[in-house]
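Below is one structure, written out as structure tokens; comments come after it.
The values are calculated or read from the model by the stated rules, or taken from the named source; none is laboratory data. Everything quoted here is computed from the prediction, not taken from an experiment. Positions of Cβ are backbone-derived with ideal geometry, glycine not excepted, and every protein chain shown enters the neighbour counts.
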């Protein structure tokens, strides 16, 4: 597993997302009006994120949760992390050897 120690506290979120350990990323506005993706695979994840927002609301309501912070999709070759936010939902794609939890801690503190 790759350690994610490369993020500087003063980096912006877009600087963090440009690191080579990140295989792709996508951000969509929660109203679905904007989809910004780093590549074609991430763009396809963006299509999924529109439904992801609907499902997280249903899951939250079912379990009495106010919100869901993140969901991990783990496959043989990659891991995708989906993070709903107030204005947008972000999906980040990692290779199978990256530890997403370390990245997420640092991403959430980036400006």
| message | Of the residues 36, 26, 48, only one is in contact with a strand residue (DSSP E or B) (Cβ under 9 Å, 6 or more places away or on another chain) and farther than 24 Å from residue 99 by Cβ; which? | response | 36
| Within segment 28-42, restricting attention to residues that are modelled with pLDDT of 80 or more and part of a loop (DSSP other than H, G, I, E, B), which residue is nearest to the chain's Cα centre (by Cα)? | 38
| task | With the condition kept exactly as written, say whether any residue in segment 79-101 is in contact with a strand residue (DSSP E or B) (Cβ under 6 Å, 6 or more places away or on another chain), part of a loop (DSSP other than H, G, I, E, B) and closer than 16 Å to residue 49 by Cβ. | result | no
| message | Cβ-Cβ under 6 Å, sequence separation 6+ or interchain: first residue in segment 94-111 and without any contact (Cβ under 8 Å) to a residue 60 or more places away in the chain, partner not in a strand (DSSP E or B). Which pairs? | response | 96/77
| field | Residues located in segment 8-27, provided they are within 16 Å of the chain's Cα centre (by Cα) and either at pLDDT 85 or above or not in a helix (DSSP H, G or I) (or both) | value | 12, 18, 19, 20, 21, 22, 23, 24, 25, 26, 27
| Taking segment 48-85 only, how many residues are in contact (Cβ under 8 Å) with a residue 40 or more places away in the chain and either under 19 Å from residue 36 (Cβ atoms) or touching a helix residue (DSSP H, G or I) at 6+ places or on another chain (Cβ under 8 Å) (or both)? | 4
| task | Exactly one condition in (1) under 30 Å from residue 20 (Cα atoms); (2) surrounded by 11 or more Cβ atoms within 10 Å (Cβ to Cβ) is not met by residue 40; state its number. | result | (2)
| How about segment 55-71: which of its residues are within 16 Å of the chain's Cα centre (by Cα) and exposed (fewer than 13 other Cβ atoms within 10 Å of the Cβ)? | 67, 69
